[in-house]
Amino acid sequence: GTRSGRGSTRTARIVEACVEAAMVYFSKRRFPKTARVVQTSDELRAAMREAIDHSLSFEELRRRSRLRVTGDENKRIRDHVRRKVARRVTRVRKFARQPPVVKTVDKVLFTTGVAWVVSTEYVILREPSKMGAWLVASTVPLMAHRVVSFMRSGLAYFLFDFCYFVNALCFACVVAAVEPGSVPFQIVFYVTNGPLLFAIVVWRNSFIFHSLEKVTSTVLHALPPLWTFTLRDERDPPPLAFASAYASALAVYALWQLLYIAKTEWLDRDYIRNNPHEYTSLRWMTKDNRNTMYQLCKSSLVALNWMRRDEEFDERTWRTKFTFWGAQFIYTILTLLPAKFMFQSQDLHAAVLVLMYITAIYNGASYYIEVFSRRYNLQFQQHVAAPLASDQAEDDPPDCDAQPPRDDDTSQDDAFISGDDDDFERHSHQD
């Protein structure tokens, strides 16, 4: 009955339903609705209508559909569409790596970073009561980008570090509209203006405005203390005595440390051991013998005759684990002490904040003057020289000792230490 009027209507409905199901199938696989996908749906619709009109078998229907869409009856339509989309994605990514595009993106990021600083100043001066909303609006997009970039680069376990835990506490206080004179606010004040704030100096955070990753790290450490500054009034009496507030803040850190140990040493222990490309804070610090925490821990163990001078840390041993856990705990104990005085004096709090922000700006300026000015232009010179090198390689025999080029990992934050140009920049994710 497909050739009758009623049958034609029914056939059209069947065809449209099948094509809609096919489009849903492709959309769930994140295929954009490009012109090629639309063309494929039209070809699929025509092939299915022809098959129904001629009452073809399923095998014949599949063969004709594949032949019409792909030109090969043995090639699946999904593979054909996936290959077409993959080619377009590759062309877009290649275009995004071109020097003019990279420079434009960096200019936009730099402009946005400076504009964000000016906007933050406006909120503090004109709308200080909305600083909590500005904190959430600023950090949520940065956190979302960081989650995606860390998941792709094997750094997902850094998202469980203490700085992210403290930012989550700040979000909870903003959403719950916690009063500045309450006990939860005082505890959050201690942890934000203690270990979180002083991490700017310890881990050498920097305002490098063209780098989204570096700005993200600095904002996660610098913005929560600034939020507490706008809400705190030194005339309000503290709800808790110093001993109680200090112990409560230390208990918050201990709770996070226990949860982190349970996650890395119990729940995901086998996965971390079997995947050396997945980095945790402990694995990163034990492999980077230039960072301050590594050198401090090693010198302490050597002085106590618990470690030889030529010996390196092994992340799998309990001695290494307790050494770094203990060092982080001592760091937290020491950095919580100044929070008491900042809670009592807004002038002192403002002075410490300014000092930390100047440190981050100076670190960024050091990078731009000492490293960036040379390396930024060098990467484009290498981009131009690459085609010439590839043409020469076609005539010359391959070098067996040559190493593959290593792309810059833009998902990792740079910290800066004194020394020559190669040692000036190092990776740092520990918070």
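The values are calculated or read from the model by the stated rules, or taken from the named source; none is laboratory data. In this text, all values refer to a predicted model and were calculated from it rather than measured experimentally. Quick reminder, even Gly has a Cβ in these numbers, built from the backbone with ideal geometry, and neighbours come from all protein chains shown. Please note that ligands, DNA and RNA were not included when accessible areas were found on the heavy atoms of the full protein model with its side chains. Shrake-Rupley method; radii C 1.70, N 1.55, O 1.52, S 1.80 Å.
Taking label points 7 Å from Cα along the Cα-to-Cβ direction, V201 and A137 give a separation of 3.3 nm. Over the stretch 107-264, accessible surface divided per residue gives 42 Å², non-protein components excluded, 1.4 Å probe. Here A46 and K75 are evaluated by their C-beta separation; at R0 = 22 Å the FRET efficiency comes out at 0.80. Taking R0 as 30 Å, what FRET efficiency do you get between R283 and E370 from their Cβ-Cβ distance, rounded to the nearest 0.05? The value I calculate is 0.55. Reported to the nearest whole Å, the Cα centre-to-centre distance from the stretch 213-231 to the stretch 157-209 is 8. Taking each of K214/K321; K263/K287; K214/K298; K287/K321; K263/K298 in turn, the alpha-carbon distance tops 19 angstrom for K214/K321; K263/K287; K214/K298; K263/K298. Were the residues from E265 through E20 laid out at 0.36 nm apart, the gain over their Cα-Cα distance would be 83.4 nm.
Within the stretch 256-329, the trypsin sites (Lys or Arg not before Pro) that combine a DSSP coil assignment with at most 15 other C-beta atoms in a 10 angstrom radius are R290, R308, R309, R316.
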